[in-house]
Amino acid sequence: MNFHEFKVRVRYAETDQMGVVYHGNYAQYFEMGRVEWLRNLGLSYKFMEQNGIMLPVVSLTLNYKKPARYDDLLTVRTILKKQESVKIEFDYEIYNEAGELLTIGNSILVFVDMKTGRPVVPPDYVKEKLGK
């Protein structure tokens, strides 16, 4: 599966004095999207970490088109862009209830062996889920 969508309602604590989602919260929305994307494939960060693999973010970009506001119901679309060697890359799109594109983003993560702290190719159980 190439993409997954989930919905999240903007909480008051996620906004600034103008009632607009604080820019730092978009990274959390993207993380939530990745977690749900993996879960939908039958994988979880928790399982990977219990098996000695972590996925730190090494690159994150965002482009704000329109503001998200308090109590908006957002749709976060997480799209697998590519998985090569030790890296996995995702694109993100966030829409409001009217279907307006609010934010786009991209992240690159690296599969890392928790014992050595070194990048590794994804385990076979991940490759199988990704169709590799």
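The values are calculated or read from the model by the stated rules, or taken from the named source; none is laboratory data. All of these numbers come straight from a predicted model, not from anything done at the bench. Every residue, glycine among them, receives a Cβ derived from its backbone with ideal geometry; neighbour counts consider all protein chains shown.
Just a few scattered comments:
- Pairs, first in contact (Cβ under 8 Å) with a residue 24 or more places away in the chain and over 13 Å from H23 (Cβ atoms) in the stretch 56-67, second part of a strand (DSSP E or B) and basic (K, R), C-beta under 9 Å, six or more apart: V58/K87
- Subset of the stretch 31-68 (residues that are of a type in the set (G, A, S), closer than 24 Å to Y125 by Cβ and at pLDDT 95 or above): G33, G52
- Pick from the stretch 32-54, criterion within 13 Å of the chain's Cα centre (by Cα) and crowded, with 18+ Cβ neighbours inside 10 Å, ranking: farthest from Y92 (Cα to Cα): L38
- Filter result for K127 (touching a strand residue (DSSP E or B) at 6+ places or on another chain (Cβ under 9 Å) and at pLDDT below 95): yes
- Among residues of the stretch 1-41, those that are hydroxyl-bearing (S, T, Y) and either farther than 21 Å from Y64 by Cα or free of Cβ contacts under 8 Å to residues at least 12 places away in the same chain (or both), counted: 1
- The condition (being farther than 16 Å from H23 by Cα and surrounded by 15 or more Cβ atoms within 10 Å (Cβ to Cβ)) is satisfied by just one residue among E100, E89, E84: E89.
- Extreme residue, farthest from M32 (Cα to Cα), among residues of the stretch 93-127 that are touching a Gly at 6+ places or on another chain (Cβ under 9 Å) and charged (D, E, K, R): K115
- Residues being part of a strand (DSSP E or B) and modelled with pLDDT of 95 or more - total across the stretch 1-30: 9
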